[in-house]
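Following: one structure in structure tokens, then a few remarks.
Computed from the coordinates by the stated procedures, all read-outs in this text should not be read as laboratory data. Owing to the predicted nature of the structure, the values given are computational and were not obtained by experimental measurement. Reconstructed Cβ throughout: ideal geometry from the backbone, glycine too, with neighbour counts over all protein chains shown.
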Amino acid sequence: MTTPEERQKDWEQREAELQARERELRLRELETEIYREHKAADAELAPTEPPLSQTRKHRERGGLRSMRHKIVKVTKFIGFVVVGIAVLRVGLLLGIWLTYLILAGIVAAIGYSIFLKDDK
């Protein structure tokens, strides 16, 4: 059996626990409210998302149209290769002839200095 004093003490203890829970609950509610206000303020300051364009699914081209497109690409590539080879050949030929002229000039200068230059 419990005495009235023990009941009163138990009653006060339960009441204190209930008040503590109520305080904790109110604190959580206040924290949530502050967090929401802070988040709303950040959202106003943050830059908005850029507008996105509508996307479409890729469609395969028709057979004849696709074939023509491939032929044009291959022709461009072959043309580029042929022009590149031609430029290299012309460059090599010009380089070879320029080298021959420089060598001939050097030999002529050496021959002049050896044979034709007056000794004083």
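About the Cα centre of the chain, how large is the charge dipole given +1 on each Lys and Arg Cβ and -1 on each Asp and Glu Cβ? Please answer in debye to the nearest 20. Walk me through the numbers on the way to the answer.
Details: 21 positive and 18 negative charges, 452 e Å.
The calculated dipole for the chain is roughly 2180 debye.
Cα centroid distance between the range 1-32 and the range 65-120, in Å?
Between the Cα centres of the range 1-32 and the range 65-120 lies a distance of 100 Å.
Suppose the chain between residue 2 and residue 27 were pulled fully straight at 0.36 nm per residue; how much longer would it get relative to their current alpha carbon spacing?
5.4 nm
Counting just the Cα atoms, what span does the chain cover along each of its three principal axes? Round to the nearest Å and put the largest first.
Principal axes ranked by extent give 142, 69, 35 Å for the Cα atoms.
Please work out how much length the chain gains when fully extended from residue 52 to residue 13, using 0.36 nm per residue of separation minus the C-alpha to C-alpha distance, in nm with one decimal.
8.0 nm
Each label point is 7 Å from the Cα along the Cα-to-Cβ direction; what then is the distance between the points at residue 112 and residue 85, in nm?
4.3
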